[in-house]
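Enquirer: Sharing a structure with you now.
Readers should treat all values here as calculations from the given coordinates under stated rules, not as data from a laboratory. The shown structure was predicted, so the numbers you read here are calculated from the model rather than taken from an experiment. Backbone-built Cβ (ideal geometry, glycine too); neighbour counts: all protein chains shown.
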Amino acid sequence: MTETTGPLAGVRVVELAGIGPGPFAAMLLADLGADVVRVDRPTPPALGADPAHDVTNRNKRSVVIDLRSPEGPGLLLDLVARADLLIEGYRPGVAERLGVGPEECLARNPALVYGRMTGWGQEGPLAQAAGHDIGYAATAGVLGLIGPAGGPPAIPANLLGDYAGGSLYLVVGLLAGLHHARATGAGQVVDAAIVDGAAHLTSMLWGLRATGLWQDRRGANLLDGGAPHYSVYETADGRHMAVGALEPQFYTEFVRLLELDGAPEQYDLARWPELREKIAARFATRTRAEWAEVFEGTDACTAPVLTLGEAADHPHLAERGTYTTYRGLTQPAPAPRLSGTPGTLRRPPAVPGAHTAEVAADWGVPGLDTKETHVGA
């Protein structure tokens, strides 16, 4: 086994294979040093990426167990008996029907923290309904926040629901549960629902709404593009610049660098349409690269809108190593950064079943290493 480093070194995680937020949560734990064993199915999910290029499977090891086979649940429970954390993302009731639900797992390992990742949660009228990130974010009131005034909601890929409202909240719950289990010996179940996490992300906006500082319509608020000094503008070459000059001193610098003659007062709301037109007209006179050169490194809080490929090449991100290339695959580096026990890239994305013999030996579960329960060791 490759020696692990990071603050979670020694923490053992069983991940029941899925797509989206569960794998990303397990990757974050693995990046920080946890020994994550992904339990893959004999037939992978239809929406899964090529395993050799699926960055969310980095730093993990994989075994294949058919949980529908007679011996499958027992083998999984043998792993669970040696684990600290478990991640599953089935619909409510599926793990129980397979014989690997919280009751069975906690009976084998009372200190286990059993993490459940779903869109709708374990209970409620929609708990059994199918769904994806876009629907969960829509129901939580988050999707409706994003987009231009008078236009449709914008879709933020699956970053806001799956990963922000889902994965990150699951990881917080797992680590909180682990802390409690190590202090008391008592495990528990973490019910991480994307609708809950996505709704929780809007906490500040609910406070603003209560004081009349946030309206329930897009493009009408300080942080949703309603303010002309917190918005996105097209440049002469059809690219875009992002402006976030909220504070007066930053707005002053922005106006100076933009060479915006006769700029209205920043918070003269009656003149916001005029201000937006003036800003748009100025940005339309030069290319994105030209404006980026003007604003780079200043306090105007203005930046070019980059593609993923461009972001990886940006000088600041390059110097920090925000993106890295590991075994030929460009990807984000582990985050956040810890000074004493940093996360590392130790393994490429795990191919299903590639580590069966290794895990069987390391975790002391010899029954894993059989032809029936793994593919391509």
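Enquirer: Between THR324 and ASP268, what is the label-to-label distance in nm when each label sits 7 Å out along the Cα-to-Cβ direction?
Expert: Each label point is offset 7 Å from its Cα along the Cβ direction, giving 5.2 nm.
Enquirer: Is there a quick way to get the dipole size of the stretch 230-305? I mean about its Cα centre, with the Cβ of Lys and Arg at +1 and of Asp and Glu at -1; what is the value in debye to the nearest 20? Mind dumping the intermediate values first?
Expert: Details: 8 positive and 14 negative charges, 42 e Å.
With only Lys, Arg, Asp and Glu charged at Cβ, the dipole is about 200 debye.
Enquirer: Taking only Cα atoms and a 10 Å spring cutoff, compute GNM fluctuations for the chain and point out the largest among PRO273, PRO349, PRO51.
Expert: Looking only at PRO273, PRO349, PRO51, the biggest GNM fluctuation is shown by PRO273.
Enquirer: What translational D, rounded to a whole number of µm²/s, comes out for the stretch 264-353 from Stokes-Einstein when the hydrodynamic radius is the Kirkwood one over Cα pairs, at 25 °C and 0.890 mPa s?
Expert: Working: Rh = 17.0 Å.
For the chosen part, D equals 144 µm²/s.
Enquirer: When all alpha-carbon pairs of the stretch 230-305 are counted, what percent fall beyond 18 Å? Walk me through the numbers before you get to the answer.
Expert: Working: 858 of 2850 pairs.
Percentage above 18 Å: 30.
Enquirer: Tabulate in residue order the Karplus-calculated ³J(HN,Hα) for the stretch 52-67, using 6.51 cos²θ - 1.76 cosθ + 1.60 with θ = phi - 60°, rounded to whole Hz; enter x for Gly and Pro.
Expert: So the Karplus estimates, Gly and Pro as x, are 5, 10, 7, 4, 5, 9, 5, 6, 10, 10, 10, 10, 10, 10, 8, 5 Hz.
Enquirer: Could the peptides 5-17, 186-198 be put in order, highest first, of the mean number of other beta-carbon atoms found within 10 Å of their residues? Don't skip to the answer; put the middle values down first.
Expert: Numbers: 5-17: 20.5, 186-198: 22.7.
Ranked by mean Cβ neighbours within 10 Å, highest first: 186-198, 5-17.
Enquirer: Which residue, ALA127, ALA183, ALA26, tops the fluctuation ranking in a GNM of the chain built on C-alpha contacts under 10 Å?
Expert: ALA183
Enquirer: Quick check: residue separation of LEU223 and HIS180 times 0.36 nm, minus the Cα distance between them. What number comes out in nm? Please report the intermediate quantities before stating the final value.
Expert: Details: separation 43, 0.36 × 43 = 15.48 nm, distance 3.73 nm.
Extra length available between LEU223 and HIS180 comes to 11.8 nm.
Enquirer: In terms of modelled amide H atoms, which long-range or inter-chain residues lie less than 5 Å from the amide H of THR287?
Expert: It is ALA236, by chain and number.
Enquirer: For GLY115, list long-range residues whose amide hydrogen, built 1.01 Å from N in the peptide plane, is under 5 Å from its own amide hydrogen.
Expert: Hits under the 5 Å cutoff: LEU86, ILE87, GLU88, VAL190.
Enquirer: Hey, another quick one. Quick check on the chain: helices-only [θ] at 222 nm, where DSSP H runs of length 4 and up contribute -39,500 (n - 2.57) each and the sum goes over total residues. Nearest 500, please.
Expert: Details: 14 runs with 121 residues, N = 377.
Taken over the chain, the calculation gives -9000 deg cm²/dmol.
Enquirer: For the stretch 291-377, run through the trypsin sites (Lys or Arg not before Pro) and keep only the ones in DSSP coil with at most 14 other Cβ atoms within 10 Å of their Cβ. Provide the component values of the computation, followed by the final result.
Expert: Working: sites: ARG320, ARG327, ARG337, ARG346, LYS371; in loops: ARG327, ARG337, ARG346, LYS371.
The qualifying sites are ARG327, ARG337, LYS371.
Enquirer: Continuing with the same structure: Averaged over every viewing direction, what's the projected area of the C-alpha convex hull for the stretch 86-227? Give it in nm², one decimal, please.
Expert: Working: hull surface 39.8 nm².
So the mean shadow area of the Cα hull is 10.0 nm².
Enquirer: Can you give me the distance in nm between label points at LEU213 and LEU257, each placed 7 Å from the Cα along the Cα-to-Cβ direction?
Expert: 2.6
Enquirer: Follow-up question, since we're still on this one. Could you order peptides 281-293, 147-159 by the average number of other Cβ atoms within 10 Å of their residues, highest first? List each step's numbers first, then the result.
Expert: Values: 281-293: 15.6, 147-159: 13.5.
Peptide ranking by packing, descending: 281-293, 147-159.
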